[in-house]
Amino acid sequence: MKPRVEVVAIDCLMVRLFDVIAEDNMPWMLAASERLRSGFAGHLIDLVPSYTTLMVHYDLTALTPAQARELVN
């Protein structure tokens, strides 16, 4: 699994973890969600999980897009 980071908006990144929906992915998705919540801390506006992706909406007044991308990696 190699996550891909895509720009969704000026203050949103999409972290694509999987290409296929599978129940076996759920522990990975939950772990990634917790890691991102912890990493972004107070700069996270919202984290929206799906079956294969996590959308990270961050505070653009606190982080640059490059800093946000670095937190994802």
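Pick out the one residue from Val56, Val7 that is at pLDDT 95 or above, within 13 Å of the chain's Cα centre (by Cα) and either surrounded by fewer than 16 Cβ atoms within 10 Å (Cβ to Cβ) or small (Gly, Ala, Ser) (or both).
Val7
When you look at Ala62, is it surrounded by 13 or more Cβ atoms within 10 Å (Cβ to Cβ) and modelled with pLDDT of 95 or more, yes or no?
yes
Taking Ala41 as meeting all but one of (1) in contact with a helix residue (DSSP H, G or I) (Cβ under 8 Å, 6 or more places away or on another chain); (2) assigned to a helix (DSSP H, G or I), write down the number of the exception.
Just one mismatch for Ala41, condition (1).
Say whether the condition of being surrounded by 11 or more Cβ atoms within 10 Å (Cβ to Cβ) and either assigned to a strand (DSSP E or B) or of a type in the set (Asp, Glu) (or both) is met by at least one residue in the stretch 22-32.
No: the stretch 22-32 contains no residue that is surrounded by 11 or more Cβ atoms within 10 Å (Cβ to Cβ) and either assigned to a strand (DSSP E or B) or of a type in the set (Asp, Glu) (or both).
The values are calculated or read from the model by the stated rules, or taken from the named source; none is laboratory data. Note that the structure is predicted; figures quoted are calculated from it, not measured. Here the Cβ is made from the backbone with ideal geometry for all residues, glycine too, and neighbour counts use every protein chain on show.
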